[in-house]
1. With the checklist (1) open to solvent by 20 Å² or more (accessible area, probe 1.4 Å); (2) out of contact with any strand residue (DSSP E or B) (no Cβ under 7 Å at 6 or more places or on another chain); (3) farther than 20 Å from residue 8 by Cα in hand, flag the one item residue 153 doesn't pass.
2. So if I check each of 114, 135, which one is within 23 Å of residue 4 (Cβ to Cβ) and surrounded by fewer than 15 Cβ atoms within 10 Å (Cβ to Cβ)?
3. Exactly one of these conditions fails for residue 108: (1) at pLDDT 95 or above; (2) open to solvent by less than 70 Å² (accessible area, probe 1.4 Å). Give me its number.
4. Residue check: is residue 96 closer than 21 Å to residue 77 by Cβ, within 16 Å of the chain's Cα centre (by Cα) and surrounded by fewer than 18 Cβ atoms within 10 Å (Cβ to Cβ)?
5. Residues in the stretch 90-111 that are in a loop (DSSP other than H, G, I, E, B) and either among the hydrophobic types (A, V, I, L, M, F, W, C) or within 19 Å of residue 27 (Cβ to Cβ) (or both): how many?
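The values are calculated or read from the model by the stated rules, or taken from the named source; none is laboratory data. Computed from a predicted model, the values in this text were never measured in an experiment. Ideal geometry is used to build each Cβ from the backbone, glycine not excepted, and the neighbour counts take in all protein chains shown. With ligands, DNA and RNA removed, areas are computed over all heavy atoms of the protein, side chains included. Shrake-Rupley method; radii C 1.70, N 1.55, O 1.52, S 1.80 Å.
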Amino acid sequence: GSGENSSIEANQDKFPLLSGINLEGKKFELPHDFDGEFKIVAIGFEREHQEAINTWINVVDEITKNNLKIRFYEVPLIYELGSFSRAWVNNGMRLGIQDKIARERTITVYTNRDKFFEIMNMKGDRIYVLLLDKDGKILWRAEGLANQKNIESLQKILKKIK
């Protein structure tokens, strides 16, 4: 499916209310439909951001394999598009990601990115990684690559919540 353009609603100190579709075609209402007691969410805005997100995948896979309370999601956040363009983008991403688990955890959101940037105090030229609790509250946030500083910062907060 092509998914739909999502309205966006600020959610106090929580992840904004959004609709998305994963690469297996399942619809999500975020942050409510994220599984897990805690969620690590990597958000990218451009195709080129996938390389930066990939630096987090091994780190997060190591964290989640030993902790079933934590789930990982990738959220490509794209400007609102017509249904044909949304289907084109979704199908292109599906073809590019052969791994079923990766397709299930990748939830594409089409929304007003400028409003998202304003609500989340983010910029479209980099990726962001968030740690959310079960209610969507943002417990931790990092910009950019999984470098030593960002990884240590995430590990420190994870030790506090275990």
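1. (2)
2. 114
3. (1)
4. No, not satisfied.
5. Going through the stretch 90-111 one residue at a time, the tally reaches 1.
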